[in-house]
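S.K.: To start, I am sharing the structure in question, which I have written as structure tokens.
The values are calculated or read from the model by the stated rules, or taken from the named source; none is laboratory data. Given the structure is predicted, the values throughout are model-derived calculations rather than measurements. Backbone-built Cβ (ideal geometry, glycine too); neighbour counts: all protein chains shown. Note: accessible area is taken over every heavy atom of the protein model, side chains too, but ligands, DNA and RNA are not part of it. Shrake-Rupley method; radii C 1.70, N 1.55, O 1.52, S 1.80 Å.
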Amino acid sequence: MSGSGSKIGWKVVGGAAAALAGTAANRGVTLAYRKVRRSDPPKNPVDPDTAWSEAIVWAAVSGLAVGLGRLAAERTAARGWVRATGSLPPGMQPNSAGAKPVRRPERAPQEV
């Protein structure tokens, strides 16, 4: 893929992967919170009636889980993009200092 079609394609693929991972992580953290704390997580941590300790724990744990989930999903999607197209997704350039070159996985020869 090349050009703007490639950019749009990656935005769709990367965005969908990140959204799904964020949703799954949020649900997982909610279930874990209920099991550990034996109560529902705060509906709105910024509500002044929510205890600071509860708001901080919820924000830290959910932020970490959603961030890591999105990171893992986007990296996995990028690997799939490289396998499919042979190049990194648009906007992802390796660091110039000590970056490993992108390797396209070898494919088995197809029989005709």
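S.K.: Is it the case, given these coordinates, that LYS11 is modelled with pLDDT under 90, more than 23 Å from ARG79 (Cα to Cα), out of contact with any helix residue (DSSP H, G or I) (no Cβ under 8 Å at 6 or more places or on another chain) and open to solvent by 60 Å² or more (accessible area, probe 1.4 Å)?
M.R.: no
S.K.: Name the residue, out of VAL46, VAL29, that is without any contact (Cβ under 8 Å) to a residue 40 or more places away in the chain, part of a helix (DSSP H, G or I), of a type outside the set (Ser, Thr, Tyr) and in contact with a helix residue (DSSP H, G or I) (Cβ under 8 Å, 6 or more places away or on another chain).
M.R.: Values: VAL46 fails: part of a helix (DSSP H, G or I).
Unique residue meeting the criteria: VAL29.
S.K.: Okay, moving on. From the list ARG79, ARG70, ARG83, ARG38, which one is touching a Pro at 6+ places or on another chain (Cβ under 6 Å) and open to solvent by 60 Å² or more (accessible area, probe 1.4 Å)?
M.R.: Numbers: ARG79 fails: touching a Pro at 6+ places or on another chain (Cβ under 6 Å); ARG70 fails: touching a Pro at 6+ places or on another chain (Cβ under 6 Å); ARG38 fails: touching a Pro at 6+ places or on another chain (Cβ under 6 Å).
Going through ARG79, ARG70, ARG83, ARG38 in turn, just one is touching a Pro at 6+ places or on another chain (Cβ under 6 Å) and open to solvent by 60 Å² or more (accessible area, probe 1.4 Å): ARG83.
S.K.: Test GLY22 against the stated conditions and say whether it is modelled with pLDDT under 90, surrounded by fewer than 12 Cβ atoms within 10 Å (Cβ to Cβ) and within 30 Å of GLY91 (Cβ to Cβ). Give the steps one after another, and end with the answer.
M.R.: Details: modelled with pLDDT under 90: yes; surrounded by fewer than 12 Cβ atoms within 10 Å (Cβ to Cβ): no; within 30 Å of GLY91 (Cβ to Cβ): yes.
Judged against the criteria, GLY22 is not a match.
S.K.: Give the residues of the stretch 43-53 that are open to solvent by less than 60 Å² (accessible area, probe 1.4 Å) and at pLDDT below 90, sorted by residue number.
M.R.: PRO45
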